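Single-structure report; data block below.
The values are calculated or read from the model by the stated rules, or taken from the named source; none is laboratory data. Computed from a predicted structure; not experimentally measured. Methodologically, a virtual Cβ is constructed for each residue, glycine included, from the backbone with ideal geometry; neighbour enumeration extends over all protein chains shown. For accessibility, only protein heavy atoms count, side chains too; no ligands or nucleic acids. Shrake-Rupley method; radii C 1.70, N 1.55, O 1.52, S 1.80 Å.
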Amino acid sequence: MEKLIITAAICGAEVTKEHNPNVPYTALEIAIEAEKAYKAGASIIHLHVRKDDGTPTQDIKRFKECIEAIKIRCPEVIVQPSTGGAVGMSNAERVQPVELKPEMATLDAGTCNFGGDEIFVNTENIIKEFGQKMIIFDVKPEIEVFDKGMIDMAIRLQKKGFIKSPMHFNFVMGVNGGITASPRDLVFMVESIPQGSTFTVSGIGRYEFQMAAMAIIMGGHVRVGFEDNVYIKKGVIAKSNEELVERVVRIAKDLDREIATPHEARVILGLPKRKTINI
Ligand code: KMH
Ligand code: ZN
C-alpha cells in the first residue's frame, strides 16, 4: 500500500476559541499550529484564515501573509488553501487564494445543508468557474465531497474539461446535511470514484478517528484537525492539532501503514514539479 498522506485542517472557518481555546486565528498562531502538525506527520496543511479577532476571511493578502509565515517554519509542507471559505461568502471572495498559485486548493463539488439554517452553496456554474481558474493557475484541486452526488458532478465536469484527471477527492463524512460517517457509506464512495483517483477521508466530530482507521485500511489518506473535530478523545479538548495528527500516526503504525513526507505526498498526488515552491 502507498504511504499515508495526513492532512491537517488546522483552523477551519466555523470553529472558534469558544469551542477550543487552541484554535489559531493570527498568522503567527496559524504558522505555529502548522509547524506542530507538520512535525507530527502532516504533509498537507488545509488552510482557512481569520482576521485577528477570529472572523473568517478569504482576503488574498491575509492568505499570503499566513502562507509565508507557514513556509518560513516548514518550507517543505504542502499548503492547500480553502476556496470554500465560510458559509455565505461570495464566489469572488472565496476564490481569491487560487491567484497565489498554491500547489493545491479545495474545490467543493456541490451544495449541501450545513446544520441549522446554513446552506453551503456550490452550484454547477460555481464549480466550473473555480475548476477552470485552478487549471489556469496550475493548482491541483482537492475535490470536497459531502455526499455521493458530488462525486458524479466531479466526474461529469472532468469529462467536460473543468477538472483535470487523475482526481483527488476528500470525503467529508458526518456533516449535518451530508453523507453519514459509516463504513457502508465510505465503501460506497470509494467504489464510486474513477480508477486512478486518490482519496482522503475527513470524519467530522466523534467520527474523526474511526473514519481515519477505515481510510488507512482501505488505502486512502486521512484528514484531521480542529476544522473537523476539537477533541482528542471523548470530552477532552485537544491541546493542538499536533495531538490529532499524532493519534493518526499511532493508528497508522499499528496498522503497518507508513507516513508520507511532503515530497512523497507530491509524488502520490502527481503534483507538478516546480522550480521553487514559495507558496
Ligand atoms: N467552511 C465550509 C463552509 C473547504 O474548505 O473547501 C466549507 C469548507 C470546505 O471548509
Ligand atoms: Zn475547509
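Pairs meeting the criteria (first residue in the range 114-141 and in contact (Cβ under 8 Å) with a residue 60 or more places away in the chain, second residue small (Gly, Ala, Ser) and surrounded by fewer than 18 Cβ atoms within 10 Å (Cβ to Cβ), beta carbons under 7 Å, at least 6 apart or on different chains) are Phe114/Gly177; Gly115/Gly177.
Exactly one residue out of Glu99, Glu124, Glu93 is away from ligand 1 (no atom under 15 Å from the Cβ) and either under 29 Å from Glu33 (Cα atoms) or small (Gly, Ala, Ser) (or both), and it is Glu99. Would you mind stating whether Ala27 is without any contact (Cβ under 8 Å) to a residue 60 or more places away in the chain, more than 12 Å from ligand 1 (Cβ to nearest atom), aliphatic (A, V, I, L, M) and out of contact with any helix residue (DSSP H, G or I) (no Cβ under 7 Å at 6 or more places or on another chain)? Taking the combined requirement at face value, the residue does not satisfy it. For the range 1-14, which residues satisfy the criterion of being open to solvent by less than 20 Å² (accessible area, probe 1.4 Å), assigned to a loop (DSSP other than H, G, I, E, B) and within 15 Å of ligand 1 (Cβ to nearest atom)? Once the filter is applied, which keeps residues that are open to solvent by less than 20 Å² (accessible area, probe 1.4 Å), assigned to a loop (DSSP other than H, G, I, E, B) and within 15 Å of ligand 1 (Cβ to nearest atom), the range 1-14 yields Ile10, Cys11, Gly12, Ala13.
Mind counting the residues in the range 74-105 that are farther than 28 Å from Thr198 by Cα and away from ligand 2 (no atom under 14 Å from the Cβ)?
Looking only at the range 74-105, we keep the residues that are farther than 28 Å from Thr198 by Cα, and these are 88-90, 92-93.
If we keep only those that are away from ligand 2 (no atom under 14 Å from the Cβ) as well, we get 88, 90, 92-93.
Count: 4.
Take Ile143 and decide whether it is away from ligand 2 (no atom under 15 Å from the Cβ), touching a Leu at 6+ places or on another chain (Cβ under 8 Å) and aliphatic (A, V, I, L, M). Here the answer is no, as Ile143 does not meet what is asked.
The single condition among (1) buried (at least 19 other Cβ atoms within 10 Å of the Cβ); (2) away from ligand 2 (no atom under 16 Å from the Cβ); (3) of a type in the set (A, V, I, L, M, F, W, C); (4) without any contact (Cβ under 8 Å) to a residue 40 or more places away in the chain that Ala40 does not meet is (4).
Taking the conditions (1) more than 12 Å from ligand 1 (Cβ to nearest atom); (2) under 14 Å from Ser240 (Cβ atoms); (3) buried (at least 19 other Cβ atoms within 10 Å of the Cβ) in turn, Asn22 satisfies each one other than (3).
Out of Ser43, Ser90, one residue alone is polar (S, T, N, Q), farther than 26 Å from Ile251 by Cα and at pLDDT 95 or above. It is Ser90.
Looking only at residues that are crowded, with 20+ Cβ neighbours inside 10 Å and among the polar types (S, T, N, Q) in the range 48-95, which one is nearest to Gly12 (Cα to Cα)? Only one residue tops the list, namely Ser82. Asn113 meets each of the listed conditions (1) out of contact with any His (no Cβ under 8 Å at 6 or more places or on another chain); (2) open to solvent by less than 60 Å² (accessible area, probe 1.4 Å) apart from (2). Annotation note: Cβ proximity below 8 Å between a residue of the range 211-236 that is more than 18 Å from Glu142 (Cβ to Cβ) and open to solvent by 20 Å² or more (accessible area, probe 1.4 Å) and a residue that is among the acidic types (Asp, Glu) and not in a strand (DSSP E or B) (sequence gap 6+ or interchain) occurs for Ile232/Glu243. If you filter the range 25-36 down to residues that are out of contact with any Ser or Thr (no Cβ under 9 Å at 6 or more places or on another chain) and within 27 Å of Ala213 (Cα to Cα), you find that the one that is surrounded by the fewest Cβ atoms within 10 Å (Cβ to Cβ) is Glu35.
Among the listed residues Thr55, Thr111, which satisfies the condition of being under 21 Å from Val230 (Cα atoms), away from ligand 2 (no atom under 14 Å from the Cβ) and not charged (D, E, K, R)? Outline the logic, then answer.
Details: Thr111 fails: under 21 Å from Val230 (Cα atoms).
Step by step, each of Thr55, Thr111 is checked, and only Thr55 is under 21 Å from Val230 (Cα atoms), away from ligand 2 (no atom under 14 Å from the Cβ) and not charged (D, E, K, R).
Does Gln132 meet the test of being polar (S, T, N, Q), over 25 Å from Gly41 (Cβ atoms) and open to solvent by 70 Å² or more (accessible area, probe 1.4 Å)? First the steps, then the outcome.
Numbers: polar (S, T, N, Q): yes; over 25 Å from Gly41 (Cβ atoms): yes; open to solvent by 70 Å² or more (accessible area, probe 1.4 Å): yes.
Criteria met by Gln132.
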